[in-house]
Amino acid sequence: MSANKLWCLSEVDIFQDLTEQELSNLAARAPMQTVDTGTVFYSPEQRTEVLFILKKGRVRIFRLSPSGKALTTAVVTPGTIFGEMAIIGQHMHDQYAEALEACVICLMSREDVRQMLLSDPRIAARITETLGNRLVELEQRLGDFAFKNVPQRIVSTLLTLSRADRMRQRWPLSRGAAEVRFTHEQIAEFVGTYRETATKVLNELREQGLIELRRGKIVLLDMPALEALAEE
């Protein structure tokens, strides 16, 4: 069994209690596929039950309004599980999955999930914990939409995306500069506003010396000041 395939599973939170042999047995049942940048590899029209495990790259989960406006609901980083799998409470809810960059993804079928995940109490407990954490994150986002203005939502989103990326890459959560690899349009879709509005807010933050704008990324220069702004 290749080291890459074992890494695919060993970096996933729900599998962290398993031995190398147990991971090897799982990996043999989880085929991998490569997805090119910009590819929408899951859509509501498919209605296929499949559990995705992201090995490499980033995936955007989004939905479309009747007018065709996109709203990003989540950004998936390596080691995360997602997809449509009712038996573990994992749903896409009429959402799309798009590769933000070249991705490598492992797939598990309903039968694999039933036989190899739910039958193991260690994995089942981790799944429950993971879904609980996602519910907390969802409630936080709903709170932001209800009580924060657009600039605060943008700052809060930048901080959240930065922390998630550093934790996934095992970087220390220092209070210095950090990077967020998103375009203005992607930030706008994440907070539910227009690109022009997001650009205006980001330019204002840059003028205040809080961030630096680079091609395809945003550098957070003053984390304490940004955190204070998000909670005003």
(message) At 1.4 Å probe radius, can you tell me the per residue accessible area of the chain in Å²?
(response) 51 Å²
(message) Applying a 10 Å radius around every beta-carbon, put 88-101, 128-141, 108-121 in order of their mean neighbour count, most first.
(response) 88-101, 108-121, 128-141
(message) Quick query: amide H of residue 73 versus all other amide H atoms, modeled in the peptide plane; which residues come in under 5 Å with a sequence gap of 5 or more or a different chain?
(response) 61, 62, 63
(request) Enumerate the calculated ³J(HN,Hα) couplings along region 144-151 in order (Karplus 6.51 cos²θ - 1.76 cosθ + 1.60, θ = phi - 60°), each rounded to whole Hz, writing x wherever the residue is Gly or Pro. (result) 4, 5, 7, 10, 10, 7, 4, x
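Let's test the formula: R0 of 25 Å, r as the Cβ-Cβ distance of residue 225 and residue 147. What FRET efficiency results, to the nearest 0.05?
About 0.80, to the nearest 0.05.
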(message) As a test question: what accessible area, to the nearest 10 Å², does residue 160 have when a 1.4 Å probe is rolled over all protein chains in place?
(response) 80 Å²
(message) Could you give each residue of region 96-105 its phi-based ³J(HN,Hα) in whole Hz, using Karplus coefficients 6.51, -1.76, 1.60 with θ = phi - 60°, and x for Gly or Pro?
(response) 10, 10, 10, 6, 6, 8, 4, 10, 10, 10
(request) Search the structure for amide H atoms under 5 Å from the amide H of residue 58, placed 1.01 Å from N in the peptide plane, and list their residues when 5 or more places away or on another chain. (result) 100, 101
(request) Could you state how much accessible area residue 32 has, in square angstrom rounded to the nearest 10, with a 1.4 Å probe and all protein chains kept in place? (result) 80 Å²
(request) Quick one: accessible surface of residue 69, probe radius 1.4 Å, all protein chains present, in square angstrom to the nearest 10. (result) 80 Å²
(message) What is the sum of charges, Lys and Arg at +1 and Asp and Glu at -1, for the other residues whose Cβ falls under 11 Å from the Cβ of residue 193?
(response) +1
(request) Could you run the Karplus curve 6.51 cos²θ - 1.76 cosθ + 1.60 with θ = phi - 60° over region 183-195 and give me ³J(HN,Hα) per residue in whole Hz, x for Gly and Pro? (result) 7, 4, 5, 5, 4, 4, 5, 6, 9, x, 9, 8, 4
(request) Between residue 137 and residue 185, with labels modelled 7 Å along Cα→Cβ, what's the label distance in nm to one decimal, could you check? (result) 2.4 nm
(message) Computing the accessible area with a 1.4 Å probe over protein heavy atoms, can you report the carbon and sulfur percentage for region 1-154?
(response) 54 percent
(message) Can you list residues from other chains, or at least 5 along the same chain, whose modelled amide H is less than 5 Å from the amide H of residue 90?
(response) 85
(message) Once you place label points 7 Å from the Cα toward the Cβ at residue 101 and residue 47, how far apart are they in nm?
(response) 3.6 nm
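The values are calculated or read from the model by the stated rules, or taken from the named source; none is laboratory data. Just so you know, these numbers come straight off a predicted model, no measurement behind them. Cβ sites come from the backbone with ideal geometry, for glycine too, and all protein chains shown count toward neighbours. Ligands, DNA and RNA are stripped out before the accessible areas are found, and what is left, the full protein with its side chains, is counted by its heavy atoms. Shrake-Rupley method; radii C 1.70, N 1.55, O 1.52, S 1.80 Å.
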